[in-house]
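Notes follow once the structure below has been shown.
The values are calculated or read from the model by the stated rules, or taken from the named source; none is laboratory data. Every value quoted in this text rests on a predicted model; they were computed, and no experiment measured them. Cβ placement follows ideal geometry from the backbone for every residue including glycine, while neighbour counts extend to all protein chains displayed. For the accessible areas, the whole protein counts, side chains as well, though only heavy atoms, and no ligand, DNA or RNA atoms are used. Shrake-Rupley method; radii C 1.70, N 1.55, O 1.52, S 1.80 Å.
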Amino acid sequence: MSLFNVNAVRQDFPGLLHSVHGHPLVYFDNAATTHKPTSVIQAEVDVYQQSNANVHRASHYLSSVATQRFENARKKVQRFVNATRPEEIIWTKGATESLNLIAQSYGLSTLQKDDEILISPLEHHANIVPWQIVAQQTGAKLKILPLSHTLHIDPHTLPQHFSEKTRLLILTHVSNALGVVNDIAALCKLAKQHKVTTVVDGAQAVGHFPIDVQQLGCDFYVFSGHKMYGPTGIGVLYGCYNLLEAMPPWQTGGEMIQQVSFEKTTYNQLPFKFEPGTPNIAGAIGLGAAIDYLEKLDRRQLITYEHQLMNYLQETLNTIPGINIITPTISTDQSKNIPIVALTFSHEHIQDIGMLLDQKGIAVRVGHHCTMPLMAYLGIAGTLRISLSFYNTRQEIDWLVESLNSILKHSEEKHSETAYPSSKD
Ligand code: PMP
């Protein structure tokens, strides 16, 4: 293993220190939400204790401190994803709201009957349903791309799916169900050549590796704070300035306006045009603290450590009979997978195993992971998903494997006890 000091890092995460059903918590549900370091929790507390005021509204001292911290967090996000200017960063509730905003503002105002929206089968429901709705509203059509044998969107075959009518390419950067990473830079380059606008769901990417939206060449990129060690209820929509500038407002109210009369309303400049009402001030500042936290760590070391953990997990799971690993064989190329392993069992229900693991203090997620079309594509109802973070350890993986071995052994014994006796006499 690398020199990465996981024990020191774990001290930063008070939420990991719990016992569950008499066992130390083993948190393997990081794709659902990550734990938060003390510095993020403290940043939120500080907002309410030190600078509690509304932003952009008043001329008093506290309001200007709150506004400065809030806008400073926006600049941190801008640097974090390498956007060209802070106006390209819109605060939202999360990836879900960002995607709805793009669909209802950009999608609704640009799509026409019979236009085509290319979409991947890997998408989370949050990146499917908004496009279905806007397709119903405009008469546009969703066209589903095929997956390669490694369950990625293949840049080599993408061009054959573009037509005169293609307007949008909707892609996840990383699949929350499988952990596969799409080659977004190559895919967006092809889209650009065909004058197709790209919407990238980065919800599962930002917590695992650095993002550079200029290098990716995407038009829109969305993510949530809570999957990158930040607070819940805060997210980001990055959009190219020219596109955002041309888009109509989506939700309306205070702060997104310039002038209101009963005859006519004019809208505020970016980014405020898309931020009506009082924003999640503490959440934005907390997300800024999460960025500070990640930037203090050596991210290259984190990536290597996570990849080593994932290889170890896959190797050890492979030794257990009766487990089917759905995640494609983990590549030695760190850019192809994040540390997620999805499983099914030959003889047991995933729900039962998830419940029995919980009794051992191990938190995993079972089900369709908000990717029902992907499950249908794979011909399965759901999986048990183990999703790791850099604060997980080999010892935790050992405990998981020991627990799975003992659960499956007991289950096998039970099956053989209840099996009908042989009809041979
Ligand atoms: N996209 C992906 C790939 C996700 O994993 C998730 C969350 N599971 C979302 C979108 C939605 O994120 P949120 O619930 O934070 O809005």
Practice problem: Give segment 12-42 a look and list any residue that's open to solvent by less than 20 Å² (accessible area, probe 1.4 Å) and within 13 Å of Gly288 (Cα to Cα), or say none. | Solution: Pro37, Val40
Quiz item: Looking at this structure, is Ser59 without any contact (Cβ under 8 Å) to a residue 40 or more places away in the chain, crowded, with 16+ Cβ neighbours inside 10 Å and over 20 Å from Lys273 (Cβ atoms)?
Solution: no
Quiz item: Taking into account only those residues within segment 70-87 that are touching a Gly at 6+ places or on another chain (Cβ under 8 Å) and open to solvent by 10 Å² or more (accessible area, probe 1.4 Å), which is nearest to Ile285 (Cα to Cα)?
Solution: Asn72
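So that you can scan it fast, the table gives a plain yes or no per residue for (1) over 30 Å from Pro121 (Cα atoms); (2) assigned to a loop (DSSP other than H, G, I, E, B); (3) open to solvent by 20 Å² or more (accessible area, probe 1.4 Å):
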{"residue": "Gly207", "(1), (2), (3)": "no, yes, no"}
{"residue": "His226", "(1), (2), (3)": "no, no, yes"}
{"residue": "Glu255", "(1), (2), (3)": "yes, yes, yes"}
{"residue": "Ala282", "(1), (2), (3)": "yes, no, no"}
{"residue": "Leu294", "(1), (2), (3)": "yes, no, no"}
Quiz prompt | Residues of segment 89-107 that turn out to be assigned to a helix (DSSP H, G or I), within 16 Å of the ligand (Cβ to nearest atom) and either open to solvent by 40 Å² or more (accessible area, probe 1.4 Å) or not hydroxyl-bearing (Ser, Thr, Tyr) (or both), as a count | solution = 9
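Does segment 258-266 contain any residue that is out of contact with any helix residue (DSSP H, G or I) (no Cβ under 6 Å at 6 or more places or on another chain), part of a loop (DSSP other than H, G, I, E, B) and closer than 23 Å to Phe223 by Cα? Don't jump to the end; show me each part of the working.
We begin by selecting, within segment 258-266, every residue out of contact with any helix residue (DSSP H, G or I) (no Cβ under 6 Å at 6 or more places or on another chain); these are 258-266.
Pick out the ones that are also part of a loop (DSSP other than H, G, I, E, B) and you get 261-264.
Then keep just the ones that are closer than 23 Å to Phe223 by Cα; that gives none.
Looking for residues that are out of contact with any helix residue (DSSP H, G or I) (no Cβ under 6 Å at 6 or more places or on another chain), part of a loop (DSSP other than H, G, I, E, B) and closer than 23 Å to Phe223 by Cα, one finds none in segment 258-266, hence no.
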Quiz item: Going by the conditions given, is Asp201 away from the ligand (no atom under 11 Å from the Cβ), among the acidic types (Asp, Glu) and either open to solvent by less than 30 Å² (accessible area, probe 1.4 Å) or touching a residue at least 24 places away in the same chain (Cβ under 8 Å) (or both)?
Solution: no
Exercise. Examine segment 304-327 for a residue that is in contact with a Phe, Trp or Tyr (Cβ under 8 Å, 6 or more places away or on another chain), assigned to a helix (DSSP H, G or I) and among the hydroxyl-bearing types (Ser, Thr, Tyr), and state whether such a residue exists.
Key: yes
Practice problem: May I ask you to list pairs of residues, at least six apart or on different chains, whose Cβ atoms are under 8 Å apart, with the first in segment 149-178 being at positive phi and the second being within 11 Å of the ligand (Cβ to nearest atom) and open to solvent by 50 Å² or more (accessible area, probe 1.4 Å)? | Solution: none
Quiz item: Of everything in segment 177-195 that's in a loop (DSSP other than H, G, I, E, B) and open to solvent by 10 Å² or more (accessible area, probe 1.4 Å), which residue is nearest to the ligand (Cβ to nearest atom)?
Solution: Asp183
Quiz item: Tell me, which residue of segment 364-378 that is away from the ligand (no atom under 15 Å from the Cβ) and either within 19 Å of Trp399 (Cα to Cα) or in contact (Cβ under 8 Å) with a residue 12 or more places away in the chain (or both) is surrounded by the fewest Cβ atoms within 10 Å (Cβ to Cβ)?
Solution: Tyr377
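Restricting the search to segment 1-55, which residues are more than 16 Å from the ligand (Cβ to nearest atom) and among the β-branched types (Val, Ile, Thr)? Don't jump to the end; show me each part of the working.
Filtering segment 1-55 for residues more than 16 Å from the ligand (Cβ to nearest atom) gives 1-26, 37-39, 41-55.
Scanning segment 1-55 gives Val6, Val9, Val20, Val26, Thr38, Ile41, Val45, Val47, Val55.
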Practice problem: Just need a number here: residues in segment 299-326 that are open to solvent by 50 Å² or more (accessible area, probe 1.4 Å) and touching a residue at least 24 places away in the same chain (Cβ under 8 Å). | Solution: 4
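Output the residue which, of all residues in segment 331-363 that are of a type in the set (Asp, Glu) and under 19 Å from Lys409 (Cβ atoms), is farthest from the ligand (Cβ to nearest atom). Can you show your working first?
As a first pass, look at segment 331-363 and keep what is of a type in the set (Asp, Glu): 333, 348, 352, 358.
Narrowing the set further to residues that are under 19 Å from Lys409 (Cβ atoms) leaves 348, 352, 358.
On the way: Glu348: 25, Asp352: 23, Asp358: 20 Å.
Looking at the filtered set, the residue picked out is Glu348.
How many residues, within segment 108-146, are of a type in the set (Gly, Ala, Ser), surrounded by 21 or more Cβ atoms within 10 Å (Cβ to Cβ) and away from the ligand (no atom under 16 Å from the Cβ)?
Going residue by residue through segment 108-146, those that are of a type in the set (Gly, Ala, Ser) are 109, 120, 126, 135, 139-140.
Adding the requirement that they be surrounded by 21 or more Cβ atoms within 10 Å (Cβ to Cβ) leaves 120, 126, 140.
From what is left, the residues that are away from the ligand (no atom under 16 Å from the Cβ) are 140.
Matching residues across segment 108-146 total 1.
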Exercise. Mind listing whichever residues of segment 209-224 are more than 9 Å from the ligand (Cβ to nearest atom) and either crowded, with 23+ Cβ neighbours inside 10 Å or on the phi < 0 side of the Ramachandran plot (or both)?
Key: Phe209, Pro210, Ile211, Asp212, Val213, Gln214, Gln215, Leu216, Cys218, Asp219, Phe220, Tyr221
Quiz item: So Val174 fits all but one of (1) crowded, with 21+ Cβ neighbours inside 10 Å; (2) under 20 Å from Pro373 (Cβ atoms); (3) more than 21 Å from the chain's Cα centre (by Cα); what number is the exception?
Solution: (3)
Exercise. For segment 343-359, indicate whether the set of residues that are charged (D, E, K, R), open to solvent by 10 Å² or more (accessible area, probe 1.4 Å), part of a strand (DSSP E or B) and more than 24 Å from Leu145 (Cα to Cα) is non-empty.
Key: no
